Amino acid sequence: QVQLKESGGGLVQPGGSLRLSCAASGSIFSINGMRWYRQAPGKQREWVATITSGDSTNYADTVKGRFTISTGNAKNTGYLQMNSLKSEDTAVYYCNAGIWHASGYRDYWGQGTQVTVSS
């Protein structure tokens, strides 16, 4: 069964860094673009970053210059490198990707990973 799962979250001090991973498991052919979202307590889920199948990237203004989205060479894992973290970055981070697999193509969401930025 194809699944998408985030990892790499945790507690970090302001100014620190974390690298989130988003791994697709099961028999997949490729990831057709990936997006990262986050949701802070009491707030709506917001878009953070996008990478297309052609490796073009876009970022929310709040993270531009600090975060970097990428995909692995095997195209079954995505990453979000987060630098210069601020307390405002505290949220549950979710990855979202379109995946080609034996049964066809569909959109998948991970379960989320907690990122807490606090001194």
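The values are calculated or read from the model by the stated rules, or taken from the named source; none is laboratory data. Given the structure is predicted, the values throughout are model-derived calculations rather than measurements. All Cβ positions, even for glycine, are placed from backbone atoms using ideal geometry, and neighbour counts span all protein chains on display. What goes into the accessible areas is simple: the full protein's heavy atoms, side chains included, and nothing from ligands, DNA or RNA. Shrake-Rupley method; radii C 1.70, N 1.55, O 1.52, S 1.80 Å.
Brief remarks follow.
- Per-region count, segment 53-66, residues closer than 30 Å to Ser103 by Cβ, more than 13 Å from the chain's Cα centre (by Cα) and not small (Gly, Ala, Ser): 1
- Scope segment 53-74; condition under 12 Å from Gly33 (Cα atoms), in contact (Cβ under 8 Å) with a residue 12 or more places away in the chain and either open to solvent by less than 70 Å² (accessible area, probe 1.4 Å) or of a type in the set (Val, Ile, Thr) (or both); matching residues: Thr57, Ile69, Ser70, Thr71
- Restricting segment 75-91 to residues that are open to solvent by less than 40 Å² (accessible area, probe 1.4 Å) and not small (Gly, Ala, Ser), the residue that is nearest to Val115 (Cα to Cα): Thr90
- Among the residues of segment 99-119, those identified as over 15 Å from Lys5 (Cβ atoms), open to solvent by 70 Å² or more (accessible area, probe 1.4 Å) and not in a strand (DSSP E or B) are Ala102, Ser103, Ser119.
- Selected residue (criterion: nearest to His101 (Cα to Cα)) from residues of segment 1-31 that are open to solvent by 60 Å² or more (accessible area, probe 1.4 Å) and not hydroxyl-bearing (Ser, Thr, Tyr): Phe29
- Residue in segment 91-114 that is farthest from Gly54 (Cα to Cα), counting only those that are out of contact with any Phe, Trp or Tyr (no Cβ under 8 Å at 6 or more places or on another chain) and aromatic (Phe, Trp, Tyr): Tyr108
- Looking only at segment 41-52, and only at residues there that are within 20 Å of Pro14 (Cβ to Cβ) and more than 15 Å from the chain's Cα centre (by Cα), the one that is surrounded by the most Cβ atoms within 10 Å (Cβ to Cβ): Lys43
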